[in-house]
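For reference, the structure discussed in these notes is given below.
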Amino acid sequence: MWYLHDALVSYLCNHLSRTPKINHYKRSTPPISVPLNKLFSNTFPLSIHESIQDYKVKDDLFSFQHNLLSTLPFYPNPDKDGRSSEVIQVPIDENNNYINEYVIYPNHKTKKAYASANHLVMVHGYGSGLGLFLKNFGAVTMDNWVVHAIDLFGYGCSSRPPFTPTSFEQVEAWFHDSFATWMRRRQIPRQNALVMAHSMGAYLMASYGINVDPDFCRRLVMVSPGGIIDHKKPIVIPAYFERLWERNISPFSLVRKASFYGSKLVSGWSYRRFSELPDSERVSLHKYVYGIFQARGSGEYMLNYLLKPGANPRHPMVDRKIERCNCQFDWWYGQDDWMNVHGGEVCSERLRRSGKSSTVVEIADAGHHVYLDNATEFNRMLVEKMRDW
């Protein structure tokens, strides 16, 4: 792969030396790629100097996470209302692997009554991490609720061991086993648990209910879930993109090969994605996603086992026995979502026929990252589920 590194660095030196203006906010689109000659037609707002500075501390993921969470009023110290939070690493095996968790307590009373409190578990999607829920943490803290945001095994600031699964079943077990251990170690009471999961995280939580524990939570909120059904419309996949996908070569590989230009490369996405946030949050989120994007590959290699090139599912949830899950379901999509809401409707109808509660909602002014695109409405809906507990 050395030739890829040399070619990329040469390109970056020639084309990314300017610091252009930040483009306007842009929602996520399907991972279907673009022609190679347009791949770098983007703008990359971060300066070379800033990119080099980020590269120097690229391996300190916890520092990126700490600086991001420090934009919250209740981290690392409690706020005036008594809300407090902390980052912990929960051991999950004898090899010193752990799940990274950010936990929030609304007050000292709830912290002491942990076992009898209600628990909101927040699970991110593919290639992401708990920090992307930054605009939700403050809104969902309320009396008698402990909030747990976790990095899935092999993602974010969780352990990133070599990815060893060689089949779909082993891939699911990789995530399910680590999640089950985390639930047990953290003593999450199943009937007092509301799990909110996004994209591929939602798929993994639903399959956890099917394969491992049908009663692992009382309610499961599936936010723009991936792997449910094919796209609304057929999509054209460039041949080169299909070959890269099948070989598990992802955009994260590109960032790693970009050396000290990696943070600048990421800014082509992050500065538009977070452009509507205050400067302190936007900068901290950019550094955070750069940190987790360039970190050693691990859990990301699950992608080709679950999705075909272009992100149609290899094992659609609509073809699996989702009615085995005994929790209440909610399926939330953005109105401009590239995920197909029909998949949620099909699963929801099947759940209702089996006597389970299941609803489907499309959220206005939002795309795939519903929790960020329209955080106000998303937070209102989630808080409503918590208050009606």
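Here are ARG190, ARG218, ARG184: which of them is without any contact (Cβ under 8 Å) to a residue 24 or more places away in the chain, surrounded by fewer than 19 Cβ atoms within 10 Å (Cβ to Cβ) and under 28 Å from ILE104 (Cα atoms)?
Unique residue meeting the criteria: ARG184.
When the stretch 240-280 is filtered for residues that are aliphatic (A, V, I, L, M), in a helix (DSSP H, G or I) and at pLDDT 85 or above, the ones remaining, listed by number, are LEU254, VAL255, LEU265, VAL266.
Among residues that are closer than 30 Å to ASP81 by Cα and either at pLDDT 95 or above or hydrophobic (A, V, I, L, M, F, W, C) (or both), ARG160 is not included.
Taken over the stretch 163-196, residues that are in a loop (DSSP other than H, G, I, E, B) and within 20 Å of the chain's Cα centre (by Cα) amount to 1. Given the condition surrounded by fewer than 22 Cβ atoms within 10 Å (Cβ to Cβ), part of a loop (DSSP other than H, G, I, E, B) and in contact with a helix residue (DSSP H, G or I) (Cβ under 9 Å, 6 or more places away or on another chain), answer yes or no: does some residue in the stretch 300-308 qualify? Yes, the stretch 300-308 contains a residue that is surrounded by fewer than 22 Cβ atoms within 10 Å (Cβ to Cβ), part of a loop (DSSP other than H, G, I, E, B) and in contact with a helix residue (DSSP H, G or I) (Cβ under 9 Å, 6 or more places away or on another chain). From the list ASP330, ASP336, the lone residue that is of a type in the set (Asp, Glu) and at pLDDT below 95 is ASP336. Screening HIS176 with (1) without any contact (Cβ under 8 Å) to a residue 40 or more places away in the chain; (2) farther than 22 Å from ARG190 by Cβ gives one miss only, at (2).
Listed here are the residues, each with its yes/no results for (1) within 18 Å of the chain's Cα centre (by Cα); (2) charged (D, E, K, R); (3) farther than 21 Å from VAL370 by Cβ.
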position	(1), (2), (3)
ARG219	no, yes, no
ALA239	no, no, yes
PRO251	yes, no, yes
GLY262	no, no, yes
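Every condition in (1) more than 20 Å from GLY154 (Cα to Cα); (2) assigned to a loop (DSSP other than H, G, I, E, B); (3) at pLDDT 95 or above; (4) out of contact with any Pro (no Cβ under 8 Å at 6 or more places or on another chain) holds for ILE228 except the one numbered (4). Looking across the stretch 299-318, the residues that are under 29 Å from PRO45 (Cβ atoms) and of a type outside the set (D, E, K, R) come down to GLY299, LEU303, GLY310, ALA311.
When the residues of the stretch 30-61 are filtered to those that are closer than 15 Å to SER263 by Cα, in a loop (DSSP other than H, G, I, E, B) and among the hydroxyl-bearing types (Ser, Thr, Tyr), which remaining residue is modelled with the highest pLDDT? Within the stretch 30-61, the match that is modelled with the highest pLDDT is SER47. Just one of the listed residues (PHE329, PHE293) is in a strand (DSSP E or B) and either under 26 Å from PHE241 (Cβ atoms) or in contact with a strand residue (DSSP E or B) (Cβ under 6 Å, 6 or more places away or on another chain) (or both), namely PHE329.
The values are calculated or read from the model by the stated rules, or taken from the named source; none is laboratory data. A quick note: this is a predicted structure, and the numbers were derived from the prediction, not measured. Cβ: placed from backbone, ideal geometry, glycine included. Neighbour counts: every protein chain shown.
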